[in-house]
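The values are calculated or read from the model by the stated rules, or taken from the named source; none is laboratory data. Keep in mind that what you see is a predicted model, and the values were worked out from it rather than measured. Here the Cβ positions follow ideal geometry from the backbone for every residue, glycine too, while neighbour counts run over all protein chains shown. Quick note on the areas: whole protein, heavy atoms, side chains included, nothing else; ligands and nucleic acids left out. Shrake-Rupley method; radii C 1.70, N 1.55, O 1.52, S 1.80 Å.
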Amino acid sequence: MNGPSSTLHRPVPERRRWTWLFRPNPLRRRTDKVQAGVLALCALAAAAAVPLITLLALHVHRTTADDLHAAQQGATQTTATTTGVGQSPLGSSGPISTTVAAPARWTTTSGDLRTGMIQVPADTPAGTDEAITIGADGRYLPTGSTHGNTVVIPIVFGATMLAVSLLTCTLVYGGITGLLERRRAAAWGSAWEEFARTSAH
């Protein structure tokens with residue numbers, strides 16, 4: 001097979017694919033060069049997404065902290081009345097948490113009636129009055145959890161965006177690689193057929 005050796009060659013094993021894509025080689029096909037370029041672009045896009053996502057997460061952190069500060073500026077105490085039972089996750093066998101969420105209603109400083117979920121001791125019956133904190137807009141401010149939101153929300157946002165970016169790059173690279181593999185397989189089959197016809201004569 002000295003004649004067609006420059007165009008007919010076996011697929012590169014996966015363990016050598018990374019070096020095959022980038023090292024100089026006279027047998028490297030156009031599809032190999034395209035795959036190397038796509039891989040480089042996807043890696044660049046993934047790397048560029050990290051600082052961008054970090055900036056967005058910091059913006060979310062500042063926005064969340066500002067919203068919390070604004071809510072606490074006009075925070076007031078009021079009394080809420082539960083309209084449902086605050087059930088323990090384990091029912092009668094015993095609570096795994098000292099507080100659970102229960103539906104309730106309360107009146108804002110402007111006289112508006114609000115409803116929502118509040119934190120109450122486990123197994124609190126309906127009709128129980130509970131002292132709660134509300135913001136200037138009348139929203140319920142959970143005790144001890146609002147400050148944590150300024151950290152948890154940006155972290156969850158950043159992790160989600162990073163996962164989406166990596167998944168997108170992986171899918172793009174995988175899709176293009178699949179198309180190139182099918183093209184290489186078709187070219188490989190055609191080359192073998194041409195070689196077989198040539199050898200028959």
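Odds and ends about this structure:
- Residue within segment 37-58 that is over 30 Å from Val172 (Cα atoms), at pLDDT below 90 and not polar (S, T, N, Q) present: no
- When Thr98, Thr82, Thr31 are checked against the criterion of being at pLDDT 80 or above and β-branched (Val, Ile, Thr), Thr82 stands alone in meeting it.
- Tabulated pairs, segment 182-197, first closer than 15 Å to Asp32 by Cα, second open to solvent by 70 Å² or more (accessible area, probe 1.4 Å) and not aromatic (Phe, Trp, Tyr), C-beta under 9 angstrom, 6+ apart or interchain: Arg184/Pro11; Ala185/Pro11; Ala187/Thr7; Trp188/Arg10; Trp188/Pro11
- The single condition among (1) open to solvent by 70 Å² or more (accessible area, probe 1.4 Å); (2) within 30 Å of Thr79 (Cα to Cα); (3) within 29 Å of the chain's Cα centre (by Cα); (4) touching a residue at least 12 places away in the same chain (Cβ under 8 Å) that Val152 does not meet is (4).
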